[in-house]
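Notes follow once the structure below has been shown.
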Amino acid sequence: MKKSMIAVVISMVTMKLFAQNSDTTKTLPAPTITGSVDAYYRYNFDNPKSGATNNYTSFTNSQNSFELGMASVRADHSFGKASATVDIGFGRRAEEFSYANPDHSTLFAVKQAYVSYAVSDKLKLTIGKWATHIGYEVPDAYLNRNYSMDYMFTYGPFSHTGLKADIGLGGKSAFMVGVANTTDNVTTTSSRKYAIAQFSTASSDSKIKAYLNYQGSYGGSFSVNQVDLVVTATITDKFSIGYNGTVQSVKPDSTSGNSWWGSALYFNVDPISAFGITLRAEYFDNKKAVVSAPATSIFDITLSPNFRIRNLTIIPELRLDAGNNEIFEKNDGTPTKSTITGILAATYHF
């Protein structure tokens, strides 16, 4: 009798668990799959015979060549208060973005991979790897109106791997704070970590938005601190302006610290839905040779028409880079202070 009752209880529990799993399977939402692909042709009009590309920014280091930028596939899923994102990239752009990862030279790169939990409607915790909150431009080409990247993006952070908290402050304001590995590193044995933060706010009609961003290292004598400001303003339904300013100070072990800084304006005009144009003007100062860019100041201005055919955008871009010193190279090998580059790019997202 005892064995029979135990068997009945086990059967009832098993049936209940099976029913619960069946209900969960029925109500579990499917993941959202999105993706993008971009490709480009770049030609620097000085066309140095030495093979130099006259390029000091990310993702477009080629000359007279058709190039695949990146093919991306992203899956987002949420169920209840929990959610997860996996974002995989293929191509040179993905490899350069994940340069500090141990597997960055393989077929693909993990651009982002994180899990989140909403403790409440005002607090969400996230752990994993995500694209940086610092700067105006982002790694996915279809989300930028200029195809080539600016210097501030190139020499700032790309990604963070760590733990962060997003906190709603009420109204249009929010705060993010977190701790992460050394910038761009998905794994590390170092005790040195980075504190990251962002304060965001907006006007009541959301036509003006502002983001004050920060990253700073602690633990160890080598220190990095960066403060970054992004402001966007919608003037009319056909004209908007963006601003990005950043300064990063670096103090290596047992030496004095120095800093680099940059500032850029973005003027966006969209006369019709199928066509828009963006003019970017940036000043980048690395005179103290803080990062691997040339030890000088550089001014670049980029004009990028955007021809939109549904999810396809075609960008014929013209860019002028001018340095305070002769950091570029002419066709005959002589140095020059300025250079002009043309790019024909196409992006598609789904």
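The values are calculated or read from the model by the stated rules, or taken from the named source; none is laboratory data. Only a predicted model underlies this, so the values are computations on that prediction, with no experimental measurement involved. Using ideal geometry, Cβ is built from the backbone for each residue, glycine included, and neighbour counts are taken over all protein chains shown. SASA here: full protein model, heavy atoms, side chains in, ligands and nucleic acids out. Shrake-Rupley method; radii C 1.70, N 1.55, O 1.52, S 1.80 Å.
For the stretch 205-217, which residues satisfy the criterion of being of a type outside the set (S, T, N, Q) and either out of contact with any Lys or Arg (no Cβ under 9 Å at 6 or more places or on another chain) or in a loop (DSSP other than H, G, I, E, B) (or both)?
Within the stretch 205-217, Asp205, Lys207, Ile208, Ala210, Tyr211, Leu212, Tyr214, Gly216 meet the criteria.
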Task: Residues satisfying the stated conditions in the stretch 254-286, i.e. in contact with a strand residue (DSSP E or B) (Cβ under 9 Å, 6 or more places away or on another chain), loosely packed, with under 15 Cβ neighbours inside 10 Å and assigned to a loop (DSSP other than H, G, I, E, B) - done: Gly257, Ser273, Ala274
Open item on the list: So Ala345 ticks every box in (1) in a loop (DSSP other than H, G, I, E, B); (2) farther than 21 Å from Val250 by Cβ; (3) of a type in the set (Gly, Ala, Ser); (4) in contact with a helix residue (DSSP H, G or I) (Cβ under 8 Å, 6 or more places away or on another chain) but one. Which box is left unticked?
Closed with: (1)
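Could you list, in sequence order, the residues of the stretch 78-127 that are aromatic (Phe, Trp, Tyr) and in a loop (DSSP other than H, G, I, E, B)? Spell out the reasoning first.
Looking only at the stretch 78-127, we keep the residues that are aromatic (Phe, Trp, Tyr), and these are 79, 90, 97, 99, 108, 114, 117.
Once the filter is applied, which keeps residues that are aromatic (Phe, Trp, Tyr) and in a loop (DSSP other than H, G, I, E, B), the stretch 78-127 yields only Tyr99.
Confirm whether Thr232 is at pLDDT 95 or above and open to solvent by less than 60 Å² (accessible area, probe 1.4 Å). Can you show your working first?
Numbers: at pLDDT 95 or above: yes; open to solvent by less than 60 Å² (accessible area, probe 1.4 Å): yes.
Yes, satisfied.
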Open item on the list: I need a count of the residues in the stretch 76-103 that are touching a residue at least 40 places away in the same chain (Cβ under 8 Å), open to solvent by 30 Å² or more (accessible area, probe 1.4 Å) and within 19 Å of Ser159 (Cα to Cα).
Closed with: 3
Task: Scan of the stretch 25-43 for residues that are within 25 Å of the chain's Cα centre (by Cα), of a type outside the set (Ser, Thr, Tyr) and open to solvent by less than 80 Å² (accessible area, probe 1.4 Å), ordered by number - done: Pro31, Gly35, Val37, Asp38, Ala39, Arg42
- [ ] All but one of (1) open to solvent by 10 Å² or more (accessible area, probe 1.4 Å); (2) over 14 Å from the mean Cα position of the chain (by Cα); (3) free of Cβ contacts under 8 Å to residues at least 40 places away in the same chain hold for Ala165, so report the exception by its number.
- [x] (3)
Task: Residue check for Ala75: small (Gly, Ala, Ser) and in contact with a helix residue (DSSP H, G or I) (Cβ under 9 Å, 6 or more places away or on another chain) - done: no
Open item on the list: It is to be established whether one or more residues within the stretch 219-226 are in a strand (DSSP E or B), open to solvent by 70 Å² or more (accessible area, probe 1.4 Å), over 29 Å from Arg145 (Cα atoms) and modelled with pLDDT under 95.
Closed with: no
Task: Those residues of the stretch 287-318 which are touching a helix residue (DSSP H, G or I) at 6+ places or on another chain (Cβ under 9 Å), under 24 Å from Thr246 (Cα atoms) and buried (at least 16 other Cβ atoms within 10 Å of the Cβ), in sequence order - done: Val290, Val291, Ala293, Ile298, Asp300
TODO: Return the total of residues in the stretch 13-46 being at pLDDT 95 or above and aliphatic (A, V, I, L, M).
DONE: 3
- [ ] For the stretch 227-236, enumerate the residues that are without any contact (Cβ under 8 Å) to a residue 24 or more places away in the chain and either of a type outside the set (A, V, I, L, M) or in a loop (DSSP other than H, G, I, E, B) (or both).
- [x] Thr236
Task: Hey, Lys251 touching a residue at least 24 places away in the same chain (Cβ under 8 Å), among the charged types (D, E, K, R) and either surrounded by fewer than 16 Cβ atoms within 10 Å (Cβ to Cβ) or closer than 24 Å to Thr126 by Cβ (or both) or not - done: no
TODO: Find the residue count for the stretch 168-204, including only residues that are assigned to a strand (DSSP E or B), more than 14 Å from Gly216 (Cα to Cα) and open to solvent by 50 Å² or more (accessible area, probe 1.4 Å).
DONE: 3
Open item on the list: Can you pull out every residue in the stretch 104-120 that is open to solvent by less than 60 Å² (accessible area, probe 1.4 Å) and in contact with a strand residue (DSSP E or B) (Cβ under 7 Å, 6 or more places away or on another chain)?
Closed with: Ala109, Val110, Lys111, Gln112, Ala113, Tyr114, Ser116, Ala118
Task: Residue check, Tyr211 over 23 Å from Asn258 (Cα atoms), touching a Phe, Trp or Tyr at 6+ places or on another chain (Cβ under 9 Å) and aromatic (Phe, Trp, Tyr) - done: yes
- [ ] Give the residue, chosen from Gly323, Gly333, that is buried (at least 19 other Cβ atoms within 10 Å of the Cβ), over 28 Å from Ser223 (Cβ atoms), more than 23 Å from the chain's Cα centre (by Cα) and modelled with pLDDT of 95 or more.
- [x] Gly323
